[in-house]
Amino acid sequence: MSENTTRVAVLVGSLRTDSVNRQVAEYLRDHAPEGVTLELVDGLGELPFYNEDIDAGETPAPAQHVRDAVADADGLLLVTPEYNGTMPAVLNNAIDWLSRPYGGGAITGKPVAAIGVTPTPYGGVWSHEHALKSVTIAGGVPLEDVTVSQTSIDVDVLGTEEVIAKLQGAVDAIVAFTPAPAAA
């Protein structure tokens, strides 16, 4: 982590302006602990679908923006709903862009947590599992014990102390992350 401030890049898997997941991300940004900065990385909707032919030349500006924001961060927080039993395509696409170049992508070695809010019966568990699996393959370090879901649309997520504590726990886990020592 950085000397004075821990920087966490935040990718929101919902493009909807008023999505509950964006509200969660903004809440966490606005209530970040002292010494922690959460940066919401916008522009996921402008990313072209990953195509190695496109990436072989000059990287498109939206992709470079996302790569730079994540590369400059100490960790990554994914705030995402669940679409049809998995993560939204826009988030999967962003992870694809972050995973390249192979072995040296912006996500490599970074701690990553997945949280989200969705009114589905499974509360987004599959979305988070799939996102963390993709992150692992991309070289990130998943923090599996901090996946948080909200299963009822009737609950005021940001008005529930227990839920807020769980959501903040994901940020705390990223901040507390210590890389494993390199093998000798």
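Results for (1) touching a helix residue (DSSP H, G or I) at 6+ places or on another chain (Cβ under 7 Å); (2) closer than 16 Å to Val12 by Cα; (3) at pLDDT below 80, shown as yes or no for each residue.
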site	(1), (2), (3)
Ser99	no, no, no
Thr120	no, no, yes
Glu129	no, yes, no
Ser134	yes, yes, no
Ala138	yes, no, no
Val141	no, no, no
Asp156	no, no, yes
Ala173	yes, no, no
Ala180	no, no, yes
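This table checks each residue for (1) of a type in the set (Ser, Thr, Tyr); (2) in contact with a Gly (Cβ under 8 Å, 6 or more places away or on another chain); (3) in a loop (DSSP other than H, G, I, E, B).
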| position | (1), (2), (3) |
| --- | --- |
| Val8 | no, yes, no |
| Leu15 | no, yes, yes |
| Asn21 | no, yes, no |
| Glu26 | no, no, no |
| His65 | no, yes, no |
| Asp68 | no, no, no |
| Leu76 | no, yes, no |
| Asn92 | no, no, no |
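Each row is one residue, and each column tells you yes or no for (1) buried (at least 23 other Cβ atoms within 10 Å of the Cβ); (2) under 30 Å from Ala180 (Cα atoms); (3) in contact with a Ser or Thr (Cβ under 9 Å, 6 or more places away or on another chain).
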| site | (1), (2), (3) |
| --- | --- |
| Asn51 | no, no, no |
| Glu82 | yes, no, yes |
| Ala94 | yes, yes, no |
| Gly104 | no, yes, no |
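When the residues of region 53-67 are narrowed to those that are in contact (Cβ under 8 Å) with a residue 12 or more places away in the chain and not basic (Lys, Arg), which ends up nearest to Leu158 (Cα to Cα)? For region 53-67, the residue satisfying everything is Val66. Determine which single condition Val70 fails, assuming it passes every other condition in (1) out of contact with any Lys or Arg (no Cβ under 9 Å at 6 or more places or on another chain); (2) buried (at least 17 other Cβ atoms within 10 Å of the Cβ); (3) hydrophobic (A, V, I, L, M, F, W, C). Condition not satisfied by Val70: (1).
Would it be correct to say that Thr59 is hydroxyl-bearing (Ser, Thr, Tyr) and either buried (at least 18 other Cβ atoms within 10 Å of the Cβ) or outside any strand (DSSP E or B) (or both)? Judged against the criteria, Thr59 is a match. Taking region 34-48 as the range and being under 18 Å from the mean Cα position of the chain (by Cα), at negative phi and in a loop (DSSP other than H, G, I, E, B) as the test, the residues that pass are Val41, Asp42, Leu47.
The values are calculated or read from the model by the stated rules, or taken from the named source; none is laboratory data. Keep in mind that what you see is a predicted model, and the values were worked out from it rather than measured. Cβ coordinates were reconstructed from backbone atoms using ideal geometry, including for glycine residues, and neighbour counts include every protein chain displayed.
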